[in-house]
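Worksheet for the structure shown next.
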């Protein structure tokens, strides 16, 4: 994938478009960064980290989510 020309038929490229926020998302006094990681077997993960640990010195502040492509979406509801 290139940032200028993503392949919208590729689940990894779509995940990067939807979930990658490497420039940060501000929530109150925290800035969250998320990075899409594609594993060796094609699995898609999103790693999310705050700019500081909101729990102080204890606990791990990051999160890892797995994105699973399950197929085409249903038709959108029309009013």
Filter region 2-16 down to residues that are surrounded by fewer than 15 Cβ atoms within 10 Å (Cβ to Cβ) and within 16 Å of the chain's Cα centre (by Cα) and give me whichever is nearest to residue 67 (Cα to Cα).
10
Only one of (1) out of contact with any strand residue (DSSP E or B) (no Cβ under 8 Å at 6 or more places or on another chain); (2) at pLDDT 90 or above fails for residue 35. Which number is that?
(1)
Region 19-40, residues that are surrounded by 12 or more Cβ atoms within 10 Å (Cβ to Cβ) and on the phi > 0 side of the Ramachandran plot
24
Is it the case that residue 12 is closer than 27 Å to residue 72 by Cβ and at pLDDT 85 or above?
yes
Any chance residue 43 is without any contact (Cβ under 8 Å) to a residue 12 or more places away in the chain and on the phi < 0 side of the Ramachandran plot
no
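The values are calculated or read from the model by the stated rules, or taken from the named source; none is laboratory data. Quantities reported herein were computed from a predicted structural model and do not represent experimental measurements. Heads up, the Cβs are rebuilt from the backbone with ideal geometry, glycines too, and the neighbour counts pull from every protein chain shown.
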